[in-house]
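Visitor: Pasting in a structure now, in structure tokens, and then I'll have a few things to ask.
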Amino acid sequence: MITSKVFLKKNALVLGMGVTGKSIAASLHKSGANIYFWDDKAIIRKKFKVKKYKIFLDNKKNWKEIDFLVVSPGFKTKGIKAHKLIKLAKKNKCKIISELDLFQIYLENSKYKDRVQVVGVTGTNGKSTAVTLLHHIFEKNNIPCSLVGNIGKSIFSSKELKEGVYIMEISSYQLENSNSFSPDYACILNLSSDHIDRHGNIKKYASEKLKIFQNLNSNQYGIVNLNHKELKNGIKKLPKLIKKRIINIDFQNKLFLFHDVSKKTTIKKTIINFRILNHHLSGDHSDQNIFITVKISELLGLNRSKILNAVESFKGLEHRQELVLSNNRITIINDSKATNFESLITALKNYKNIYLICGGLAKDDNIKVLNKYINQLVMVFVIGLNENPFFNYFNERTKTYYVKNLSNAVRMALLSVKDSKSKSTILFSPGAASFDQFKNFEVRGEKFKKLIKFNKTYAG
């Protein structure tokens, strides 16, 4: 657990006692701070009251006692949708900080700050795979490291590093409330329409992602793929000092180039021959993510050959184009993590003769982005409590069935594939959130794999 004397005897108010808030409260308490907290759920307030934390009550006296409010990523701090406590904090001129900003305070006051570095990775898709691959590379090369952030482990629950690298998966929600966070290596992998219900539109979403660069200094680097218009336009608006620290990665025929954004010149050409690199990740997006992780590792001083050896031993993550079964007749892929259309596209690019299982709680994206890959589909099975927009879209373009639940979809897909004269792919890539029928994408993915195992007679 990360602790710091800088928080000793401070009065901290923690808003939200989920995974993040709970670890922040525990860390601050162990650092000697007095903890006030608030959670909208009464059952959670009752649970944490027994841990010597005080339930915060809104009155002038209490606000005067609070040194700062730490807000969990799930809460908005701006606009009319901002939480009531946030509005009251602003009214009472109480300092509001995010998890990332709190970590920055810890880091700047740490006696180990010159011996540790921070890698922050954000983007719409591929974050978890990229940071896990980085962690794998560092571990294989005996570099102390901690994998934290949006991947499921709170920053403050991490073991305190005396040297090494903090590797952070960072969401737009975390960046939205951040003002001072400044990683040594800040990376935006990609950008596509997501979380629009939260941010309003793609431009605002991009601006939140770009906040990962906002505090870069002369010793830090930003890494970004400027093939995305909104990111490119956002970079133009950044101060000159920051633009000079940002490197554009240009993917051209597997020749990956670093470009100085401020001068539009090639800094260094890097070539990775992916034809001979025996890695377990599929698709052009994986090549791009591998390249980025290789470059970050090199910037941190690792040898190229040792990095690539680690890449080749990396097996990937569950539910991300995970190979479930493969024989001379059929390939079955579990891509339950695909919760938006862009993720679905990424999967469609990699396979042929596809029997697609998709659907769920669709996000506010333009489904017509799938048009380019429609010819790769043989048949589509739509699940979800509501078949739209999937059924209407696919039914106009290819043979499509609305089967509602995953069990029926798997059974029908396996039976349909038996009639195929060429090797086929059953691709479970929902392109939508899971919450209409499943707790999360992990539960959904595990259900799919169990169904394949149960129906192995048809799959074999």
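Visitor: Need at least 3 residues that are in contact with a strand residue (DSSP E or B) (Cβ under 7 Å, 6 or more places away or on another chain) and touching a residue at least 60 places away in the same chain (Cβ under 8 Å) per element, so show me which helices (runs of 4 or more DSSP H) inside region 406-460 make the cut, counting only ones lying wholly within it. Full working, then the answer.
Guide: Values: elements: 406-417, 441-454, 456-459.
So the answer is 441-454.
Visitor: Tell me the residue from Val116, Val131, Val71 that is crowded, with 19+ Cβ neighbours inside 10 Å, touching an Asp or Glu at 6+ places or on another chain (Cβ under 7 Å) and either under 30 Å from Ser343 (Cα atoms) or free of Cβ contacts under 8 Å to residues at least 40 places away in the same chain (or both), please.
Guide: Result of the check over Val116, Val131, Val71: Val131.
Visitor: Which numbered condition trips up Val118, out of (1) under 20 Å from the mean Cα position of the chain (by Cα); (2) of a type outside the set (Ser, Thr, Tyr); (3) more than 14 Å from Ile292 (Cα to Cα); (4) modelled with pLDDT under 95?
Guide: (4)
Visitor: Determine, yes or no, whether Phe68 is in contact with a Phe, Trp or Tyr (Cβ under 6 Å, 6 or more places away or on another chain) and not assigned by TED's automatic domain parsing to the domain that holds Ile105. Walk me through it before giving the result.
Guide: Details: in contact with a Phe, Trp or Tyr (Cβ under 6 Å, 6 or more places away or on another chain): no; not assigned by TED's automatic domain parsing to the domain that holds Ile105: yes.
No, not satisfied.
Visitor: Next question, about the same structure. I want to confirm something. Restricting to region 304-318 and keeping residues that are surrounded by 14 or more Cβ atoms within 10 Å (Cβ to Cβ), modelled with pLDDT under 90 and in a helix (DSSP H, G or I), which single residue is nearest to the chain's Cα centre (by Cα)?
Guide: Val311
Visitor: Let me ask something else. List the pairs whose first member sits in region 36-52 and is part of a loop (DSSP other than H, G, I, E, B) and at pLDDT 90 or above, whose second member is surrounded by 17 or more Cβ atoms within 10 Å (Cβ to Cβ) and not charged (D, E, K, R), and whose Cβ atoms are under 7 Å apart, counting only residues at least 6 apart or on separate chains?
Guide: Pairs that qualify, where the first residue is part of a loop (DSSP other than H, G, I, E, B) and at pLDDT 90 or above and the partner is surrounded by 17 or more Cβ atoms within 10 Å (Cβ to Cβ) and not charged (D, E, K, R), are Asp39/Gly16; Asp39/Met17.
Visitor: Quick one: which of Tyr373, Tyr393, Tyr401 is surrounded by 15 or more Cβ atoms within 10 Å (Cβ to Cβ), within 17 Å of Glu342 (Cβ to Cβ) and at pLDDT 90 or above?
Guide: Values: Tyr373 fails: at pLDDT 90 or above; Tyr401 fails: within 17 Å of Glu342 (Cβ to Cβ).
Exactly one residue qualifies, and that residue is Tyr393.
Visitor: Considering only residues that are within 19 Å of the chain's Cα centre (by Cα), assigned to a helix (DSSP H, G or I) and buried (at least 19 other Cβ atoms within 10 Å of the Cβ), which ones fall in region 137-159? Give the steps one after another, and end with the answer.
Guide: First pass over region 137-159, keeping only residues within 19 Å of the chain's Cα centre (by Cα): 137, 145-158.
Imposing the further condition that a residue be assigned to a helix (DSSP H, G or I) reduces the set to 137, 155-157.
Ile137, Ile155, Phe156 - these are the residues of region 137-159 that are within 19 Å of the chain's Cα centre (by Cα), assigned to a helix (DSSP H, G or I) and buried (at least 19 other Cβ atoms within 10 Å of the Cβ).
Visitor: For region 350-365, how many residues meet the condition of being more than 12 Å from Gly431 (Cα to Cα) and either of a type outside the set (D, E, K, R) or under 21 Å from the mean Cα position of the chain (by Cα) (or both)? Can you show your working first?
Guide: To start, the set of residues in region 350-365 that are more than 12 Å from Gly431 (Cα to Cα) comprises 350-355.
This time we only want the ones that are either of a type outside the set (D, E, K, R) or under 21 Å from the mean Cα position of the chain (by Cα) (or both), so: 350-351, 353-355.
Adding up the residues that qualify gives 5.
Visitor: Right, another one. Go through (1) surrounded by 18 or more Cβ atoms within 10 Å (Cβ to Cβ); (2) over 24 Å from Ile151 (Cα atoms); (3) assigned by TED's automatic domain parsing to the domain that holds Ile292 one by one and return the number of the condition His83 breaks.
Guide: (3)
Visitor: Please find, among Ser72, Ser110, the residue that is within 16 Å of Asn179 (Cα to Cα), at pLDDT below 95 and touching a Ser or Thr at 6+ places or on another chain (Cβ under 8 Å). Walk me through how you get there before you give the answer.
Guide: Numbers: Ser110 fails: within 16 Å of Asn179 (Cα to Cα).
Just a single option satisfies the conditions, and that option is Ser72.
Visitor: Right, next: Looking at Leu226, Leu210 in this structure, which one is within 22 Å of Leu299 (Cα to Cα), part of a loop (DSSP other than H, G, I, E, B) and aliphatic (A, V, I, L, M)? It would help to see each step written out before you state the result.
Guide: On the way: Leu210 fails: part of a loop (DSSP other than H, G, I, E, B).
Leu226 is the lone residue from the list that is within 22 Å of Leu299 (Cα to Cα), part of a loop (DSSP other than H, G, I, E, B) and aliphatic (A, V, I, L, M).
Visitor: Being closer than 21 Å to Lys60 by Cβ and either outside any helix (DSSP H, G or I) or free of Cβ contacts under 8 Å to residues at least 24 places away in the same chain (or both) is the filter here, so list the residues in region 82-108 that pass it.
Guide: Of the residues in region 82-108, the ones closer than 21 Å to Lys60 by Cβ are 82-96.
Correct list: Ala82, His83, Lys84, Lys87, Lys90, Lys91, Asn92, Lys93, Cys94, Lys95, Ile96.
Visitor: While we're on this one: For the list (1) in a loop (DSSP other than H, G, I, E, B); (2) touching a residue at least 12 places away in the same chain (Cβ under 8 Å), I need the number of the one condition that Thr331 fails.
Guide: The one condition Thr331 does not meet is (1).
The values are calculated or read from the model by the stated rules, or taken from the named source; none is laboratory data. Keep in mind that what you see is a predicted model, and the values were worked out from it rather than measured. With ideal geometry, Cβ positions are generated from the backbone for all residues, glycine too; neighbour counts draw on all protein chains shown.
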